[in-house]
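What follows is a single structure, written as structure tokens, with notes after it.
Bear in mind that the values in this text are calculations on the coordinates, not laboratory data. Predicted model, so just to flag it, every value in this text is computed and none were measured. A quick note on method: Cβ atoms are made from the backbone with ideal geometry, for glycine too, and the neighbour counts reach across all protein chains shown.
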Amino acid sequence: MHDINFKYESLKELIRKHDHNYYVLDDPEISDQEYDLLFKKLLEIENTNPEFVSADSPSQRVGITPLEGFNSFNHKKQMLSLANVFSREELVDFFTRVNKRLVDINEYEIFCEPKMDGAAISIIYIDGILTTGATRGDGIKGEDVTSNVKTIKSIPQRLLLSKKYPIPSYLEIRGEVYIQNSDFKNLKEKFANPRNAASGSLRQKNPEDTKKIPLKFI
């Protein structure tokens with residue numbers, strides 16, 4: 001038991017280090033696949049030894065603590081991240097949970113699409129005007145990066161009026177800021193990968209620096 005606990009604590013510390021490199025410094029030391037395997041090992045230990053799970057475990061958080069230097073933003077509802085599976089058994093388990101919760105639905109359709117790997121953000125419109133853009137942060141509290149979000153051309157500053165779809169007084173849109181691989185070719189010297197380029201660009205102190213990066217939003 002002592003050896004397992006030592007392995008668990010060491011694994012938590014290692015994942016925290018990689019989280020800091022990835023989310024705060026935008027300078028990852030390992031690939032996403034290697035990180036996912038480390039996280040999977042952590043979850044396996046916690047599932048087998050639930051008494052080990054503590055509030056400081058990486059499994060108990062969504063993102064990372066907001067970076068100092070930006071105003072913090074409290075999300076009205078927690079921003080969650082996508083989960084992943086590594087085997088057929090885990091996929092079957094996912095659908096089993098879905099079926100248990102959809103008690104009034106006998107049939108439903110599933111569609112798949114590539115994941116745009118960038119930086120999750122929340123965009124808020126008040127009476128059709130863009131007022132706030134915030135990073136996910138730790139899921140509860142993010143960073144106010146409104147000035148940088150306004151430099152992204154695919155995000156409208158004002159919503160167009162429509163008779164068919166009236167604009168609500170409050171509208172929050174959540175999505176992903178990303179960089180296309182073709183655009184990333186000219187940025188390789190500055191960033192490790194497109195995801196970190198998107199995240200790092202959103203967190204520039206000067207919006208003019210963000211404006212130079214070909215960011216897109218979906």
## Note on the structure
In a Gaussian network model of the chain with springs linking alpha carbons closer than 10 Å, the residue among Tyr108, Tyr170, Tyr22 that fluctuates most is Tyr108
### Summary
Set Lys7/Lys76; Lys17/Lys40; Lys153/Lys205; Lys40/Lys190; Lys7/Lys188, cut-off 26 Å on Cα-Cα distance; pairs above it are Lys7/Lys76; Lys40/Lys190; Lys7/Lys188
### Query
Which entry in [x] 17.2, 55; [y] 19.6, 66; [z] 19.8, 71 matches Rg and Dmax of the Cα atoms in Å derived from the coordinates of this structure?
[y]
### Query
Can you give the extra length, in nm with one decimal, that the chain gains between Gln33 and Phe95 once fully stretched, where that is 0.36 nm per residue apart less the Cα-Cα distance?
20.0 nm
### Eligible aspartates and glutamates near Lys216 by straight Cα distance, threshold 12 Å, same-chain separation 8 or greater
Asp117, Glu176, Asp183
### Message
Per DSSP helix of 4 or more residues, -39500 (n - 2.57); summed, then divided by the residues of the chain. What does that give at 222 nm, rounded to the nearest 500?
### Response
-9500 deg cm²/dmol
### Task
Excluding residues on the same chain fewer than 8 positions from Lys163, give the aspartates and glutamates whose Cα lies under 17 Å from its Cα.
Asp127
### Message
Using Cα springs under 10 Å in a Gaussian network model of the chain, which residue among Lys163, Lys205, Lys115 shows the largest mean-square fluctuation?
### Response
Lys163
### Summary
Of Ile30, Ile121, Ile105, the most mobile residue in a GNM of the chain (C-alpha springs, cutoff 10 Å) is Ile105
### Task
For Lys153 and Asp104, calculate 0.36 nm times their separation in residues minus their Cα-Cα distance, and state this gained length in nm to one decimal.
13.5 nm
### Label point distance in nm, Asn186-Asn47, each placed 7 Å from Cα along Cα→Cβ
4.6 nm
### Task
For Asn206 and Lys163, compute 0.36 nm times the residue count separating them, minus their Cα-Cα distance, and round to one decimal in nm.
11.7 nm
